[in-house]
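The values are calculated or read from the model by the stated rules, or taken from the named source; none is laboratory data. Since the model is a prediction, treat every value here as computed from it, not as a measurement. Because the Cβ atoms are built from the backbone with ideal geometry, glycine has one as well, and the counts that use them run over all protein chains shown.
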Amino acid sequence: MGQLIAFAAPEGILLASDSRTEFFEPSGEERFITVERLIPVGSHAVLASAGAQEGHELCRDFAAFAKDEGLTDIDALMEAAMPFFTGRYDEVMRKMCEKLPVDPLHNMYLVLAGFSGKAPDPARLFIIWNRPKPPKIEFNRVTNIFTLPRRLGLEFKLTQMLAKKAPLAEIAGVAKAAMEKLAGQDEYIGPPFHFLTITAAGVKKV
């Protein structure tokens, strides 16, 4: 599993990720590959993946689907995401189970983040994950801060910074330092690291 960091404040959203994920050959042999986990969806939303490589591919599929359907608002994207991922999950499972005897999506986690100027709380974070039994796809809205895998110490520090109304640029600096530290402790986390902000001006690399 890779590392995701999500932070939402009235100013906007910061998303951070590493790029390392494990890939299983048909023989069952494991190796690491590099993926770009943060996928822009329109001008004011980003879909991020952690865990299995197939979750990353689903993110790209959903971004293409949203573009074709003209979906840009975060609420409209979230409404479309659940039926989309439920249907695509079944398709991917059928294909992958032909090659591997185990569930290849046992740890699929996605983060859908978007900024909407129409709401009192314009920065929205949603966590989407899979289950072994119906309903196979579930979601939950996160208020401000989430890390995946969970890093409670980092979340506590970010909560303190949120209370002090720290700017996104300062949050990005903390996220960068945390990502480098975690990569030194966990072989499943590795560079290059990616950082995006989502504000009223749209999605921007940091």
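Give me the residue from the stretch 165-206 that is among the aliphatic types (A, V, I, L, M) and in a strand (DSSP E or B) and, out of that set, nearest to S43 (Cα to Cα).
Only one residue tops the list, namely V203.
Can you tell me which residues in the stretch 57-75 are of a type outside the set (D, E) and either out of contact with any Gly (no Cβ under 9 Å at 6 or more places or on another chain) or not in a helix (DSSP H, G or I) (or both)?
L58, C59, R60, F62, A64, F65, G70, L71, T72, listed by residue number.
Keeping to the stretch 26-42, report how many residues are modelled with pLDDT under 90 and small (G, A, S).
Residues that pass the stated criteria total 2.
Can you tell me how many residues within the stretch 129-162 are at pLDDT 90 or above, within 18 Å of L47 (Cβ to Cβ) and in contact with an Asp or Glu (Cβ under 8 Å, 6 or more places away or on another chain)?
Within the stretch 129-162, residues that are at pLDDT 90 or above, within 18 Å of L47 (Cβ to Cβ) and in contact with an Asp or Glu (Cβ under 8 Å, 6 or more places away or on another chain) number 2.
What's the total number of residues in the stretch 149-164 that are in a helix (DSSP H, G or I) and within 18 Å of the chain's Cα centre (by Cα)?
So the count comes out to 4.
Which pairs have Cβ atoms under 8 Å, sit 6 or more apart or on different chains, and link a residue in the stretch 154-167 that is within 17 Å of G12 (Cα to Cα) to one that is surrounded by fewer than 16 Cβ atoms within 10 Å (Cβ to Cβ)?
The qualifying pairs are M161/E170.
Take the residues of the stretch 43-78 that are free of Cβ contacts under 8 Å to residues at least 60 places away in the same chain and among the small types (G, A, S): which is nearest to K205 (Cα to Cα)?
A63
Pick from A177, A200, A172, A166: which is at negative phi, exposed (fewer than 13 other Cβ atoms within 10 Å of the Cβ) and at pLDDT 95 or above?
A177
For the stretch 65-85, give me each residue that is over 23 Å from P122 (Cα atoms), hydrophobic (A, V, I, L, M, F, W, C) and at pLDDT 95 or above.
Listed by number, the list holds a single entry, F65.
With the checklist (1) touching a residue at least 12 places away in the same chain (Cβ under 8 Å); (2) surrounded by 15 or more Cβ atoms within 10 Å (Cβ to Cβ) in hand, flag the one item P192 doesn't pass.
For P192, the exception is condition (2).
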